[in-house]
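No lab work stands behind these numbers, since they all come straight from the coordinates. Quantities reported herein were computed from a predicted structural model and do not represent experimental measurements. Virtual Cβ from ideal backbone geometry, glycine too; neighbours counted across all protein chains shown.
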Amino acid sequence: MLVAGGLTGCGEENLERADFNAYFYHPDNNREEFLGLVTGLSACQRAASARAASLKMSRSTGWSYICCKKTSSSSCESKHK
C-alpha cells in the first residue's frame, strides 16, 4: 500500500495547515478583492473559484488569484496559487 505525504514546499510546513490571505483579481481592470483568511492552500483556491462562479466568470475570462501565506510576522510571507 502506497501512502502519499502531505503537500509541502521547500521544507515549509504543510501548506494545507497554513493560513492564507486570499485575493481575487478581476479580469477587466485587475482590481484586487480580498476574499478573507482561510486555512489551507486548497481552501484558498476554492475561495477564488467560488468568487469567480458567483460572478459567472469562466477561467477563460482571465480572472486570477493569489494566496498569501500569513505568519506572525507577515501578512504575505510567500505567494502561492
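What is the residue count in segment 53-74 for residues that are part of a loop (DSSP other than H, G, I, E, B) and loosely packed, with under 10 Cβ neighbours inside 10 Å? Give the derivation first.
Of segment 53-74, the ones part of a loop (DSSP other than H, G, I, E, B) are 55-58, 62-63, 71-74.
Of the ones still in play, those that are also loosely packed, with under 10 Cβ neighbours inside 10 Å are 56, 58, 72-73.
So the count comes out to 4.
Sort out which residues of segment 16-42 are small (Gly, Ala, Ser) and surrounded by 15 or more Cβ atoms within 10 Å (Cβ to Cβ), and write them in order of number.
Once the filter is applied, which keeps residues that are small (Gly, Ala, Ser) and surrounded by 15 or more Cβ atoms within 10 Å (Cβ to Cβ), segment 16-42 yields ALA18, ALA22, GLY40.
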